[in-house]
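Each remark here refers to the structure printed beneath this line.
The values are calculated or read from the model by the stated rules, or taken from the named source; none is laboratory data. Values in this document were obtained by computation on a predicted structure and should not be read as measured data. Cβ: placed from backbone, ideal geometry, glycine included. Neighbour counts: every protein chain shown.
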Amino acid sequence: MANEYLENALHELGLITKKVQAEFGKLSVDQLNWKPAADSWSIGQCLDHLIKTNRLYFPIFEAVSQGRKKRTFWEMLPGFPGIWGRMMLKGMASTTKKYKTPAVFKPAASNIPASIVVDFVQHQQDLTRRIKAASNVDHAKTIVTSPASPVITYSLQDCINICAVHEERHFLQGKRVMKQKDFPGQQPVNGSA
């Protein structure tokens, strides 16, 4: 049966949604916008980045689900999508290695609204709905292009798995922000001030 992986991928996306709500849902707007350094991202920026990135795939999911998806030159090159898919999944799985974010995926610079966690949860519901709507094709054989570059292609299956791994990566980044000693609202350790 085609797309057997999909149940697990959607489960992973659902888990991320629950973890984001549990860990970040009660944070203040100051906590959501706090950054450990000028060149680091806040928790809110991590969530904003995930929303922006995933939304760029929505037209692709829609074209696939409606049977309008046409293959580009780069998508037709044999073996090329498999190489990109494996490389992207391996890169995203490394939760501490930093990568330069393409401009199209960059989050807002600051002032992320207090609603960002609620916005993320609603976004996840929309993302899941769009992925399910595209389940009428074989995801392993359907090739798509990254919004970052026309030469970066991978299977729809790799694309959806990349989304899930990418979300976990930035969830963990947000948790590391919370563990910083200067994070607003941190309780002093061992009674020290």
Checklist entry - Among the residues of segment 116-170, how many are of a type outside the set (S, T, Y), assigned to a loop (DSSP other than H, G, I, E, B) and closer than 21 Å to K106 by Cα? => result 5
Item to check | Filter pass, P102 being at pLDDT below 90, out of contact with any helix residue (DSSP H, G or I) (no Cβ under 9 Å at 6 or more places or on another chain) and farther than 28 Å from K19 by Cβ | outcome: no
Checklist outcome for this item: Residue pairs within 6 Å by beta carbon, gap of at least six or interchain, first lying in segment 70-99 and more than 13 Å from A164 (Cα to Cα) and among the small types (G, A, S), second at pLDDT 80 or above and surrounded by 12 or more Cβ atoms within 10 Å (Cβ to Cβ), listed first then second, are G85/Y154; G85/S155; G85/D158
Next on the checklist: All but one of (1) over 30 Å from S110 (Cβ atoms); (2) in a loop (DSSP other than H, G, I, E, B) hold for A9; state the number of the condition that does not hold.
Outcome noted: (2)
Checklist entry - Which pairs do you get when a residue that is over 25 Å from I51 (Cβ atoms), found in segment 1-13, comes within reach of a residue that is basic (K, R), reach meaning Cβ atoms under 8 angstrom, with the pair 6+ apart or on two chains? => result none
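Taking the stated definitions as given, is T95 β-branched (V, I, T), under 25 Å from R130 (Cα atoms), within 15 Å of the chain's Cα centre (by Cα) and modelled with pLDDT under 80? Quick ask: steps written out before the conclusion?
Numbers: β-branched (V, I, T): yes; under 25 Å from R130 (Cα atoms): no; within 15 Å of the chain's Cα centre (by Cα): yes; modelled with pLDDT under 80: yes.
It is false that T95 is β-branched (V, I, T), under 25 Å from R130 (Cα atoms), within 15 Å of the chain's Cα centre (by Cα) and modelled with pLDDT under 80.
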Item to check | Within segment 41-82, tally of residues that are surrounded by fewer than 17 Cβ atoms within 10 Å (Cβ to Cβ) and polar (S, T, N, Q) | outcome: 2
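Could you tell me whether any residue of segment 120-129 is of a type in the set (K, R) and at pLDDT below 95? Please lay out each step first, then the result.
Filtering segment 120-129 down to residues of a type in the set (K, R) leaves 129.
From what is left, the residues that are at pLDDT below 95 are none.
Looking through segment 120-129, none of the residues is of a type in the set (K, R) and at pLDDT below 95.
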Checklist entry - So K90 fits all but one of (1) under 19 Å from H170 (Cβ atoms); (2) modelled with pLDDT of 90 or more; (3) not acidic (D, E); what number is the exception? => result (2)
Item to check | Residue match in segment 105-112 (condition: modelled with pLDDT of 90 or more and more than 24 Å from K141 (Cβ to Cβ)) | outcome: yes
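Can you find, within segment 149-165, the residue that is modelled with the lowest pLDDT among those that are out of contact with any Ser or Thr (no Cβ under 7 Å at 6 or more places or on another chain), more than 12 Å from L77 (Cα to Cα) and not aliphatic (A, V, I, L, M)? Spell out the reasoning first.
In the first step, residues of segment 149-165 are kept if they are out of contact with any Ser or Thr (no Cβ under 7 Å at 6 or more places or on another chain); the result is 149, 151, 154, 157-165.
Next cut, more than 12 Å from L77 (Cα to Cα) only: 149, 157-165.
Filter again for not aliphatic (A, V, I, L, M), leaving 149, 157-159, 161, 163.
Numbers: S149: 89, Q157: 95, D158: 94, C159: 94, N161: 95, C163: 94.
Step by step, filter segment 149-165, then rank; the result is S149.
Any idea which of A2, A38, A22 is under 22 Å from L127 (Cβ atoms) and either outside any helix (DSSP H, G or I) or modelled with pLDDT under 95 (or both)? Spell out how you get there, then give the answer.
Numbers: A38 fails: under 22 Å from L127 (Cβ atoms); A22 fails: either outside any helix (DSSP H, G or I) or modelled with pLDDT under 95 (or both).
So the residue among A2, A38, A22 that is under 22 Å from L127 (Cβ atoms) and either outside any helix (DSSP H, G or I) or modelled with pLDDT under 95 (or both) is A2.
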